[in-house]
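The values are calculated or read from the model by the stated rules, or taken from the named source; none is laboratory data. Everything numeric in this text was worked out from a predicted model, so none of it was measured. Backbone-built Cβ (ideal geometry, glycine too); neighbour counts: all protein chains shown. When the accessible area is computed, the model is the full protein with side chains, heavy atoms only, and any ligands, DNA or RNA have been set aside. Shrake-Rupley method; radii C 1.70, N 1.55, O 1.52, S 1.80 Å.
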Amino acid sequence: MRALLRLLPYLRPYRAQIVWGVLIAVGNSAAGVLAPWIVKLAVDSLSTKANSRVLGKYALLLLGSVAVASVLRFLLRKILIGMSRHVELDLRNAVFAHLQRLSASFYNRNRAGDLMARLTSDLERVRYVLGPGIMYPLDTVTMGVFSLTMMLLISTKLTLIVLISAPVISVSVFYLGRITYRLHSQIQDQFSRLSERAQENLAGVRVVRAFAQEERETAKFGALNDEYVSRNIAMVRVQSLFMPLIGLFFEIGTAVILLFGGWGIMHADLTIGDFVGFIGYLGMLAWPMIAIGWVANLFQRGAASMQRLNELLDSQPDIVSPLSPFAPEKMRGEIVFDNVFFRYNGANTLSNIRLAIPAGKTVAVVGRTGSGKTTLVSLIPRLFDPSAGRVLIDGVPTTEWDVQALRRSIGVVPQDALLFSDTLDENIRLGAGDATLEEFASAAEISQISADVAEFRDGYNTEVGERGLTLSGGQKGRASLARALLGNPAILILDDALAAVDTHTEERILKGLRRFAKERTTILISHRVSTVKHADEIIVLDQGRIIERGTHDELVARGGYYAELERMQRLREELDHMNGMANDA
Amino acid sequence: MSENWQQEEEVLGKAYDARLARRLWGYVGDQKRRLAVAVLLLLLGAAGELAGPLLVKLAIDKHITTHNWPGLVKIVLAFLGLALISAAFRWGETYLTGAAGQHIVSRMRMQLFEKLQRLSIPYYDRNPVGRLMSRLTSDVQALYELFSSGVVAIVGDVVTLLGIMVVMVLINWKLALITLSVIPLLLWITFVFRKHVRDLYRQTRVKIARLNSYLHENLVGMKVVQLFNREPKNFEKFDEIGGDLKHTYLRTVFFYAVFYPAVDLVYAVAIGLILFGGGHLMMAGAVTLGTLVAFIQYVDRFYRPVRDLAEKYNILQGAMAAAERVFKVIDEPIEVPSPPRALPLPIAASGQPSIEFRNVWFAYRDDDWILKDVSFSVATGESVAVVGATGAGKTTLISLLSRFYDVQRGEILVGGVNIRELDECALRRAMGVVLQDVFVFAGTVEDNIRYGCPDESLDAVERAARVVHADRFIRRMPVGYHEPVMERGATLSTGERQLLAFARALLCEPPVLILDEATASIDTETERLIQDAIARLLEGRTSIIIAHRLSTIQRCNRILVLHHGRLVEQGTQAELLAMKGIYHRLYHLQFGGVPPSDGVRDGA
């Protein structure tokens, strides 16, 4: 329950609504509680001195009181449930803003699916606490107090007799709720098993087919499904008790009133009107009794969910700007790796990296998959911090830079070109919303995306991604490059960004880039020799260490990994050339 | 994973669609009896509940006003008994409906799963796993709600409403007419409410989907967001989408906030009418006080079903949309159909079939040909290596042999019979396939080896593992063969997964071996084990190997060279090298530095 205390700051802006809510709830119950009393008076008048005028008066009074109660009830719902929706948005925004501050290492540890679940279903459960969780207890208390008062006014004895069963309702609703909750988590467990199995089966469909295991897979799924069904049926058995039980308590109350009320009437202690009114109040009391148990469960679940949200809010961002950050007007673009180590999951991904890149130079990084190339360049815009050693930009360690200033001057084209579901224009302007048209045109030209866009009906206003046009890998890479160029960065990092681009286009891009790269530091990661051969220095990474370094010619002459790579690519080109001839023939 | 949050099919149709309803009814099947009993209990329960106010009337008119205490006690006892029985009936009814619903959707879930087991690979290429998962989970759940709290509950509500009306008319038709005169008003309110709420419900679903997909995109792409200092802008947009959703929620809250009090007000009007009109009738001696009280109680009981009915609409609407999607999967035609009269696999005396590709053309899409006019044959017991650069169409060969896809032109023969005429299962069982990316199922190592032949003993499993040298690394694990492994095999190295896949294939003793050798680099020790294992696997089997390593190629009788979808060269290694063609080049390219004259012998 303590977890829910974290909600208090979010409720503070809505103090006025809560106060109004309390007042209106009181008014609503006060007005609502009049109706059975009026009915009682009317019924009593019928057995004595009834006439049209009296009857008309009671009918109008009844209508009037219910009308007032209805208006108040409308306001109550609108204010309190509405408030829960406001807080829901505030809380969701707060969590989202916090998530934006968490670094890449957090996203390596936490799966997107789990984060999604917290921001959707857990948030919804917390909202239940805020909306119905506040409204119903208010209702319960005010309605309970008022109708109890009226019942006591009619007959203390009868009230006491009827009330004997009241706690039974609350307690049994609470316990049924608890059992339901337990059964529910058992069902959820089984559901996870069932869906994991299905997920595995669907993802591994080729293996399933290759071994002709369809029947067996179906049998396994069937067994899990049977268990799932029987757990669900166990739940149905308990849940189906719920409404009949509540109905039964109400009917028993009515029977008690009928019996003892009848006795009272026979002995002139009570009137028929008292009797009718009493049944009316019983109906009003029944709902609050049910609500107590229900709300208690609501709070239990809400607290568990809030706990899961608190875990997110409590995750400390590990990459933040220092108190007095270094934020120069302009970055020169000099990069130094000073004996850098990086550990991930207990293993050194980078070891002993010493590398100095003067401003304006181009360095290429080559090496096998998993050799640490991407990690190396991720340290420059401070997506991660080194485990040991320092990365210095313009002579200042990255940890002393203002994070935003640092990243603003670094353009990264990541391996997997990720575009957002938005227009192409928005995607390219991602980091530089205020770029001029000339700058935009130049970036589009160098990246060669302009040629693709010429083919689109809506040009740069074309929606891409999920709800729009699906771009090819090459187109995505080019758009992603344009995006990085547009920020006019002092350091440009291309992480195997042109892999999906065909060689002819690549050639054109590289030509444009060389002009662009003159005044900036460029780091190229690639598997293609054609991409890297013009670099001022080429380094070869293997298992996180630099094993070769030098210019293209130097490395080819050395006869190591790079020379081998170069030779293989030369052969491949010849092969393609040969094949071209074969196809022409 | 992302597909879960991209509820692209958020189109809601009608709440009732006769065609879908008929089809859904077909699934009720053997649950008909349960449902019939449920409906019977429902009717009896409703009747019991209807009798309550009548007893109250009787008590007031016949006993309380005449001071008949024993009579009153009897009535109260009857009332209690009836209440107990009604509650028991209602419990029974709710339970039976829920249980029947569970059985019905369980059958649908199984049918869906079975269908997914039969749908061909091209279908899986088009539909991401996440989408299929939501068919199996959320859509089936929506249908459960239809059966459990939808249909029968609606029948119950309608029966209760009609019952109350009938009883009222029977007791006193004049008072009944007066009381029921508010019904048109009630219907109008419900209609207006439903109309608005339905639209809002639809908007809400669309906006939730939008919010979720934006959120998902941001979580997955947080790195890019941060690199481009986009946090403030994206926060703004997130806030905007969330605000838009909130706006829709607030409008929904408004209509609910109007609806419930409005129904209360109509209820007050009805009670007022009973007091006023009934009072007059009573003064005229046309009704008794008991009747009046009974009417007040009936009006009380009238309102719960009315509220419920208004809310059931969303359930129906959601269920119909879900049914539409589920049926679409069930109705999906099978692109690679099994032959109606499948032939058994003809196996030569040696126990191994031959394989032949005859002018095969194949494209995954349109006429983007992956294989062009490929013809070759592999004789009984022969092993053939397929080589070629990436994208040459090698892996496609395997998919075609397993008949994951059908070829567009030409034919593939196994044992001299077109594979389209063979029994699919028999065909696949005859082939031990080892794919490059080894799929490891969640379970133990033992389970994974036994995957294709689940009935083999642990002894046989260990024997198979020993033959392919998997035994050693398995024994090094804490609990050996019982070691649990994770989905996708994150705990095993690439080499270990390879060996595991070898053991898995070997256990079933397939007469044909199809192997897609892993390209990834593996440490030399494991590499040596793998090479030896391959040699043992090839023994006595017709084999096709997509080879990446020289040593593997040298173990095969013959080499086929695929280049850009064409079979450009074939022959023994010596022949191909002598040709100085593509293989000659490829040989240098892939296997590096060794001069062709230097110790390369014909592998045969």
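Observations on the structure shown:
- Pick from the range B:304-321, criterion open to solvent by less than 40 Å² (accessible area, probe 1.4 Å) and in contact with an Asp or Glu (Cβ under 7 Å, 6 or more places away or on another chain), ranking: nearest to A:G247 (Cα to Cα): B:P305
- Of all residues in the range A:262-283, those being at pLDDT 85 or above and either closer than 22 Å to A:A166 by Cα or aromatic (F, W, Y) (or both) number 12.
- Test set (1) under 28 Å from A:A94 (Cβ atoms); (2) open to solvent by 50 Å² or more (accessible area, probe 1.4 Å); (3) in a loop (DSSP other than H, G, I, E, B) - A:R301 fails condition number: (3)
- Within the range A:364-389, the set of residues being among the charged types (D, E, K, R) and either within 27 Å of the chain's Cα centre (by Cα) or modelled with pLDDT of 95 or more (or both) comprises A:R382, A:D385.
- Taking the criterion of being open to solvent by 10 Å² or more (accessible area, probe 1.4 Å), touching a residue at least 60 places away in the same chain (Cβ under 8 Å) and in a helix (DSSP H, G or I), the residues of the range B:284-303 that qualify are B:L289, B:Q297, B:R301, B:F302.
- Screening A:R390 against (1) within 14 Å of chain B (Cβ to nearest Cβ); (2) open to solvent by 40 Å² or more (accessible area, probe 1.4 Å) leaves a single unmet condition, (1).
- Count of residues meeting criterion [over 36 Å from the mean Cα position of the chain (by Cα) and open to solvent by less than 60 Å² (accessible area, probe 1.4 Å)] in the range B:327-356: 8
- Entirely in the range B:65-174, the helices (runs of 4 or more DSSP H) that have 1 or more residues that are closer than 30 Å to A:V43 by Cα, more than 24 Å from the chain's Cα centre (by Cα) and among the aromatic types (F, W, Y): B:69-118
- Of the residues making up the range B:401-408, at least one is assigned by TED's automatic domain parsing to the domain that holds B:V374 and outside any loop (DSSP other than H, G, I, E, B).
- Residue within the range A:562-584 that is under 30 Å from A:A347 (Cα atoms), open to solvent by less than 10 Å² (accessible area, probe 1.4 Å) and either at pLDDT 85 or above or not in a helix (DSSP H, G or I) (or both) present: yes
- Of the helices (runs of 4 or more DSSP H) lying entirely inside the range A:1-119, those containing at least 3 residues that are within 29 Å of B:H247 (Cβ to Cβ) and open to solvent by 30 Å² or more (accessible area, probe 1.4 Å) span A:8-11, A:15-32, A:52-101.
- Some residue of the range B:186-195 being in a helix (DSSP H, G or I), of a type in the set (S, T, Y) and under 30 Å from B:T291 (Cα atoms): yes
- Options B:V192, B:V224; residue that is over 32 Å from the mean Cα position of the chain (by Cα), more than 7 Å from chain A (Cβ to nearest Cβ) and free of Cβ contacts under 8 Å to residues at least 12 places away in the same chain: B:V192
- The one condition in (1) within 10 Å of chain A (Cβ to nearest Cβ); (2) touching a strand residue (DSSP E or B) at 6+ places or on another chain (Cβ under 8 Å); (3) closer than 29 Å to B:P454 by Cβ that B:A389 fails to fulfil: (3)
- Pairing residues of the range B:248-265 that are facing chain A (nearest Cβ under 9 Å) with residues that are among the acidic types (D, E) and assigned to a helix (DSSP H, G or I), at Cβ distances under 9 Å and at least 6 apart in sequence or on separate chains, gives B:Y249/A:E88.
- Some residue of the range A:284-295 being assigned to a helix (DSSP H, G or I), modelled with pLDDT of 85 or more and either in contact with a strand residue (DSSP E or B) (Cβ under 6 Å, 6 or more places away or on another chain) or open to solvent by less than 20 Å² (accessible area, probe 1.4 Å) (or both): no
- Residue match in the range B:161-176 (condition: modelled with pLDDT under 90 and within 14 Å of another protein chain (Cβ to nearest Cβ)): no
- Any pair with Cβ under 6 angstrom, 6 or more apart, that starts in the range A:29-58 at a residue that is within 25 Å of B:G285 (Cα to Cα) and in contact (Cβ under 8 Å) with a residue 12 or more places away in the chain and ends at one that is open to solvent by 20 Å² or more (accessible area, probe 1.4 Å) and not in a helix (DSSP H, G or I): A:D44/A:T271
- Filtered residues of the range B:36-94 (kept if closer than 25 Å to B:M165 by Cβ, more than 7 Å from chain A (Cβ to nearest Cβ) and basic (K, R)): B:K57, B:K62
- Residue within the range B:415-422 that is surrounded by 15 or more Cβ atoms within 10 Å (Cβ to Cβ), among the hydrophobic types (A, V, I, L, M, F, W, C), free of Cβ contacts under 8 Å to residues at least 60 places away in the same chain and farther than 20 Å from B:R566 by Cβ present: yes
- Candidates A:T505, A:T551 - the one that is more than 20 Å from A:T374 (Cα to Cα) and either at pLDDT 85 or above or of a type in the set (K, R) (or both): A:T551
- Filtered by the rule that a residue be open to solvent by 50 Å² or more (accessible area, probe 1.4 Å) and touching a residue at least 12 places away in the same chain (Cβ under 8 Å), the range B:142-179 gives B:E145, B:V155, B:V158, B:M165, B:K174, B:I178.
- Candidates B:L112, B:L55, B:L119, filtered to the one that is open to solvent by 10 Å² or more (accessible area, probe 1.4 Å) and either at pLDDT 95 or above or not charged (D, E, K, R) (or both): B:L55
- Scanning the range A:335-371 for residues that are part of a loop (DSSP other than H, G, I, E, B), under 16 Å from A:L392 (Cβ atoms) and open to solvent by 60 Å² or more (accessible area, probe 1.4 Å) yields a count of 2.
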